[in-house]
Amino acid sequence: MAGIPPHRANSARWGPRLAAPVTAGRADFVELTDDLSGSPLWNPDLAPTPLARRTWSTYHIAALWIGMSVVITTYTLASGLMQQGMTWWQALVTILLGNAIVLVPMILNAHAGTKYGVSFPILCRASFGVRGANVPAILRALVACGWFGIQTWIGGLALNALLAAAFPAWATLPGNVWIAFAVFWLVQVGVILRGLEGIKILESWSAPLLLGGGLLLLWWAMANVGGLGRILTESARLQTSQAPFWQLFPAALTANVGYWATLSLNIPDFTRYARSQRSQALGQALGLPPTMTGFAFIGVAVTSATIVLFGEAIWDPVVLIARIGSPAVIMLGALIVLVAQLTTNMAANVVSPANDFSSLAPRQVSYVTGGLITAVIGIVMMPWKLYADAAAYIFTWLIGYSSLMGAIGGILIADYWVLRRRELVAADLFRIEGRYAYTAGVNYRAMAALVLAVLPVIPGFLRAAVTPGGQVANPTFLDSLYTYAWFVTFGLSFVLYLALTRRRRD
């Protein structure tokens, strides 16, 4: 086991002989036992998780999703839809439906992670090839870098606003926004250095705190306005446009699917630690759609209350906390907001790219190094520009990248569930000359399906990208097709991959 760090000394258990199912209550689990540490495709962080470390329960998976969902971008998600013309209940139904839809590929892709203990970039090797898997891995990683930057920027703004409210002298400090941004970035780098176990602990302890903070804010609104009924009545004043619902719905639904389309791919990065398929499926079902919809509702309700109390709609919870609180309340609010940003960023936007970058050069890049690369690229992508326009954020950023995520997801699910019927030879996922080598390590049929699936939505994306706000005034057929980007690319890649692969077999 030369070259294996001391704390990974038991990692020889991760290498395979034959991928034999394990019984004793885990009949659908596969644990590998031989040493593959000599493979250039292997490192301790990418190696399959041994049974001894598959300990995440339903609570841990649900807490993971609560931690990722309770965040400022979820709080303001419904507001973006209402500003376009939806009512509060139309916005919430759209959010709930979008999250219920994305939950399906989420659970399907999670299955392989739980059964074989493999992460997302390793699972990609089965369909894209041991070298070709780097393409979907990098596409996913770059999106995560963008998200990491956005959430870090929001966290920095929150820290700056709350410090200014608690300590007035902070507001006069030159460059205070950038200082707060840098501090929040450094805190996250510290968590990255602790590795994945630190994220599990962070999510488990933060979930009750975040839910409690959201409910406390809702209680404050109801107590000061006179009940939920009046709040919902006032919500009609939040609509700044009266666009027809069915005109807004397709793009809004796709954006909400796109919100977690990234995690629907790399969910094996987490479920590789799940103790059972039931734990991962039930934990996700309990943690994702209810939390996303519930926290978005809190955002709408509390913002509606601010119209009564302050004569204006205050969408940003950071601004609201600074407006209503004493220094003690502000500091408590700061803690909750910053924990919310931290938990989401660490789990949703660090774990996957860290693994993805590591898979590019397993011998040179560890999980921690991959996480640090993510943190740097997240700044280089200038997140303050990505998040500057709420409409462009929804119609260009969320929908745009969802087209790539949908195309990759369709291929992964078609390969694992239809062609391979949930059976992989896990050893060959780490072998250059194994059955997943294809042609020089690349499955060109998967690559062709990926490109062909994305092509139809590119014209619509380009027009949206150059249109202020991302909404084209007189949409063509291709513009309309783009509004369903995730659905279009997912369906096309699924069908094309099966057709191309079966043609080869024939």
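Does ALA141 satisfy the criteria of being over 25 Å from TYR59 (Cβ atoms), under 18 Å from the mean Cα position of the chain (by Cα), assigned to a helix (DSSP H, G or I) and modelled with pLDDT of 85 or more? Yes: the conditions hold for ALA141.
Of the candidates ALA464, ALA448, ALA473, ALA437, the single residue that is small (Gly, Ala, Ser), farther than 26 Å from THR114 by Cα and at pLDDT 95 or above is ALA448. Among the residues of segment 457-474, those that are more than 24 Å from the chain's Cα centre (by Cα), surrounded by fewer than 18 Cβ atoms within 10 Å (Cβ to Cβ) and either touching a residue at least 12 places away in the same chain (Cβ under 8 Å) or not in a helix (DSSP H, G or I) (or both) comprise PRO459, ARG463, THR467, PRO468, ALA473, ASN474. Among the candidates LEU253, LEU217, the residue that is more than 22 Å from LEU342 (Cα to Cα) and either in contact (Cβ under 8 Å) with a residue 24 or more places away in the chain or hydroxyl-bearing (Ser, Thr, Tyr) (or both) is uniquely LEU253. Based on what the data block shows, is GLY214 in contact with a Phe, Trp or Tyr (Cβ under 7 Å, 6 or more places away or on another chain), modelled with pLDDT of 85 or more, of a type outside the set (S, T, N, Q) and more than 23 Å from ARG140 (Cβ to Cβ)? It is true that GLY214 is in contact with a Phe, Trp or Tyr (Cβ under 7 Å, 6 or more places away or on another chain), modelled with pLDDT of 85 or more, of a type outside the set (S, T, N, Q) and more than 23 Å from ARG140 (Cβ to Cβ). Check segment 148-167 and report whether any residue there is hydroxyl-bearing (Ser, Thr, Tyr), free of Cβ contacts under 8 Å to residues at least 60 places away in the same chain and within 30 Å of PRO327 (Cα to Cα). So far as segment 148-167 goes, no, none of its residues is hydroxyl-bearing (Ser, Thr, Tyr), free of Cβ contacts under 8 Å to residues at least 60 places away in the same chain and within 30 Å of PRO327 (Cα to Cα). Residues in segment 413-431 include none that are under 25 Å from ASN43 (Cβ atoms) and under 17 Å from the mean Cα position of the chain (by Cα). Every residue in segment 412-441 that is in contact with a helix residue (DSSP H, G or I) (Cβ under 7 Å, 6 or more places away or on another chain), hydrophobic (A, V, I, L, M, F, W, C), crowded, with 18+ Cβ neighbours inside 10 Å and not in a loop (DSSP other than H, G, I, E, B), please. Hits for segment 412-441 are LEU412, ILE413, ALA414, ALA426, LEU429.
The values are calculated or read from the model by the stated rules, or taken from the named source; none is laboratory data. The model shown is predicted, which means the values in this text are computed figures rather than measured ones. Methodologically, a virtual Cβ is constructed for each residue, glycine included, from the backbone with ideal geometry; neighbour enumeration extends over all protein chains shown.
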